[in-house]
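The values are calculated or read from the model by the stated rules, or taken from the named source; none is laboratory data. None of the values given here were measured: they were computed from a predicted structure. Positions of Cβ are backbone-derived with ideal geometry, glycine not excepted, and every protein chain shown enters the neighbour counts.
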Amino acid sequence: MNIFFHPEDGRMGDIIPYYEDGVFRPFFLGNGWCNVSTKDHLHFYDCYSTGIHGGTGSVIKVDGLYHMFYCKFTFEPYMRQYACHATSPDLREWTELPEDTFQPDDVIYEMSDWRDPHVIWNEKEQCWWMLLAAQKKGRTMRKGCVALCKSTDLHHWDYCEPLYAPATNQCAHECPDLFQWNGWWYLTYSVYTDRFETLYRMARSPEGPWITPRVDTFDTRCFYAAKHGTDGRDHFLYGWNPRRDQNLWNFNPQQYKGKDYNTWDWGGTMIVHKMIQEADGTLSVTVPETVDHAFRTEEALRIEPLTGAWQVDGNQVSVSSPYGYSSLMMNKVPSCCKLEMNVRFSRTPREFGIALQIDTDFAMGYYLIFEPNRGRVQYKTGLRMYEDGGKMFPYEVEQERPFQWEADTSYKVRVFVQDSILLLYLGDRIALGTRMFDRSNFHFGLFVSDGEASFSDIRLLTE
């Protein structure tokens with residue numbers, strides 16, 4: 001069973017959500033623009049190529065005709081990017097309209113970036129809006145923006161001042177998306193300079209002003225180019241978890257043959273988060289119910305304390321470890337599974353959490369580290385436990401997600417594994433996605449350092 005979609009004939013990149021008649025039909029970049037169908041974000045079928053070759057965009061339906069907006073690139077004699085238009089009667093056979101192709105105006109916008117066109121209808125203005133990843137002319141390199149063009153016929157577009165141009169990023173704001181939900185407007189986009197993530201802003205009007213929430217991301221750098229999709233009831237965010245096939249920057253220790261420290265590459269596997277709108281309008285993410293309920297076989301727990309005075313009672317364990325590190329080992333990690341539990345702490349530990357692909361050495365492996373005092377969840381790989389690994393890392397944290405912990409509060413933890421993919425959901429608020437390439441067929445583990453914590457209702461489920 002696969003819970004995260006990956007096409008059989010190659011990698012997949014930016015996802016362009018589309019929904020109609022009870023079926024989610026996300027497009028994605030593979031061998032050109034491709035499409036796949038699903039009703040539950042768990043079972044995918046009817047995957048095919050549209051025959052359109054180009055970059056990210058959007059699809060809308062107007063008066064029975066489908067419109068695809070996408071981008072193309074030229075590189076000789078210089079690099080240029082163009083917004084393009086195609087139409088279809090059935091989402092399969094597409095006719096390109098080369099006369100609708102256009103590039104930046106070289107007045108408001110730089111000629112360097114003009115891609116990922118996203119088209120919506122603006123009811124108030126009674127016209128179409130097109131958002132694009134672009135660069136606004138300016139004095140510094142921090143010119144990345146969400147460009148705006150307007151049209152009344154989907155064929156001729158007027159250049160307008162950017163929808164959002166904070167003068168923050170050196171890169172264009174990729175894969176922009178704009179949607180409304182319960183009185184709020186949300187703008188999402190992705191950046192690959194300064195940060196490497198999908199971000200969001202919020203406003204009471206599509207014109208702004210745009211508010212930056214305290215936590216303005218949904219996942220780690222392993223969730224990129226995310227765009228919004230909805231069936232009118234639930235809201236979802238579609239992104240991709242990247243591959244690591246190349247070692248472009250030679251980060252790996254000498255003679256290391258694995259992939260865990262390779263470069264994060266473009267394209268990978270589709271990840272779909274369900275979005276939650278908080279009372280203050282901010283957004284959180286959790287797992288779609290269909291994916292959460294896909295695992296129905298509960299495995300018998302095997303719990304083996306390694307260090308520390310663990311209290312074990314069925315599927316509940318706890319330990320007081322005020323002056324050191326306590327660890328235990330559990331079942332082997334199946335190739336596709338869900339590990340869930342509730343976690344709680346009282347005497348605030350320096351760290352506690354879950355280890356994956358660990359053995360009785362409790363060293364080499366992968367760690368989800370909960371750090372209440374630092375207000376975060378950290379992901380760390382086991383190579384850092386050794387001298388060669390320590391030499392290669394010039395930084396303390398590999399990946400992290402902010403999370404506000406409170407003592408004597410129970411938090412739901414769900415960990416999903418599909419082959420090399422690791423995806424954590426914590427408290428129906430945050431996601432942390434990553435990859436584990438180099439170790440398999442080892443064990444889950446739990447640990448607590450310099451404090452006390454409990455893990456209750458532990459369940460390991462497979463298909």
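A quick yes/no check of all residues on (1) among the aliphatic types (A, V, I, L, M); (2) closer than 30 Å to Asn31 by Cα; (3) at pLDDT below 95:
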{"residue": "Asn247", "(1), (2), (3)": "no, yes, yes"}
{"residue": "Met275", "(1), (2), (3)": "yes, yes, no"}
{"residue": "Val291", "(1), (2), (3)": "yes, yes, no"}
{"residue": "Arg302", "(1), (2), (3)": "no, no, no"}
Report task. Can you confirm whether the stretch 224-241 contains a residue that is closer than 21 Å to Tyr366 by Cα, outside the structural domain of Gly390 (by TED's automatic domain parsing), in contact with a Ser or Thr (Cβ under 6 Å, 6 or more places away or on another chain) and not in a loop (DSSP other than H, G, I, E, B)? Result -> yes
Query raised in the report: in contact with a helix residue (DSSP H, G or I) (Cβ under 7 Å, 6 or more places away or on another chain), on the phi < 0 side of the Ramachandran plot, hydroxyl-bearing (Ser, Thr, Tyr) and at pLDDT below 95 - does that describe any residue in the stretch 341-360?
Result: yes
Report summary line: Quick count over the stretch 11-54, residues being part of a strand (DSSP E or B) and in contact with a Phe, Trp or Tyr (Cβ under 6 Å, 6 or more places away or on another chain), is 11
Report task. Inspect the stretch 332-341 for any residue being in a loop (DSSP other than H, G, I, E, B), out of contact with any Pro (no Cβ under 6 Å at 6 or more places or on another chain), closer than 29 Å to Tyr256 by Cα and polar (S, T, N, Q) and give the result as yes or no. Result -> yes
Query raised in the report: Which of the residues belonging to the stretch 14-41 are on the phi < 0 side of the Ramachandran plot and at pLDDT below 95?
Result: Gly30, Asn31
Requested in this report: Please work out which residue is nearest to Phe236 (Cα to Cα), limiting yourself to the stretch 404-435 and to residues that are more than 17 Å from the chain's Cα centre (by Cα) and surrounded by fewer than 17 Cβ atoms within 10 Å (Cβ to Cβ).
Outcome: Lys412
Requested in this report: Considering only the stretch 452-463, state which residues are modelled with pLDDT of 95 or more and either within 24 Å of the chain's Cα centre (by Cα) or not polar (S, T, N, Q) (or both).
Outcome: Glu452, Ala453, Phe455, Asp457, Ile458, Arg459, Leu460, Leu461, Thr462
Query raised in the report: For Asp219, are the conditions met, namely being surrounded by 15 or more Cβ atoms within 10 Å (Cβ to Cβ), of a type outside the set (A, V, I, L, M) and touching a residue at least 40 places away in the same chain (Cβ under 8 Å)?
Result: yes
Query raised in the report: If you go through the stretch 37-46 one residue at a time, do you hit one that is in contact with a Leu (Cβ under 7 Å, 6 or more places away or on another chain) and among the hydroxyl-bearing types (Ser, Thr, Tyr)?
Result: no
Report task. Just give me the residues in the stretch 407-463 being in a strand (DSSP E or B) and charged (D, E, K, R), in sequence order. Result -> Lys412, Arg414, Arg435, Asp450, Glu452, Asp457, Arg459
Query raised in the report: Which ones in the stretch 436-450 are within 22 Å of the chain's Cα centre (by Cα) and either of a type in the set (D, E, K, R) or not assigned by TED's automatic domain parsing to the domain that holds Tyr323 (or both)?
Result: Asp438
**Report entry** Within the stretch 276-300, considering residues that are without any contact (Cβ under 8 Å) to a residue 60 or more places away in the chain and surrounded by 13 or more Cβ atoms within 10 Å (Cβ to Cβ), the one farthest from Phe236 (Cα to Cα)
**Finding:** His293
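Per-residue answers, yes or no, for (1) touching a residue at least 24 places away in the same chain (Cβ under 8 Å); (2) touching a His at 6+ places or on another chain (Cβ under 9 Å); (3) under 16 Å from Met341 (Cα atoms):
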position: Asn373; (1), (2), (3): yes, no, no
position: Gly382; (1), (2), (3): yes, no, no
position: Met385; (1), (2), (3): no, no, no
position: Val397; (1), (2), (3): no, no, no
position: Phe416; (1), (2), (3): yes, no, yes
position: Thr434; (1), (2), (3): yes, no, no
position: Asp438; (1), (2), (3): yes, no, no
position: Phe447; (1), (2), (3): yes, no, yes
position: Glu452; (1), (2), (3): yes, no, no
Query raised in the report: What are the pairs, 6+ residues apart or on separate chains, where a residue within the stretch 13-39 that is within 15 Å of Gly51 (Cβ to Cβ) has its Cβ under 8 Å from a residue that is surrounded by fewer than 21 Cβ atoms within 10 Å (Cβ to Cβ) and among the aliphatic types (A, V, I, L, M)?
Result: Phe28/Val36; Gly32/Ile52; Trp33/Ile52; Asn35/Leu91
Report summary line: Here the residues within the stretch 129-170 that are among the basic types (Lys, Arg) and either surrounded by 14 or more Cβ atoms within 10 Å (Cβ to Cβ) or touching a residue at least 24 places away in the same chain (Cβ under 8 Å) (or both) are Lys136, Lys137, Arg142, Lys143, Lys150
**Report entry** Selection status of Asp105, closer than 30 Å to Phe295 by Cβ, out of contact with any Asp or Glu (no Cβ under 7 Å at 6 or more places or on another chain) and not aromatic (Phe, Trp, Tyr)
**Finding:** no
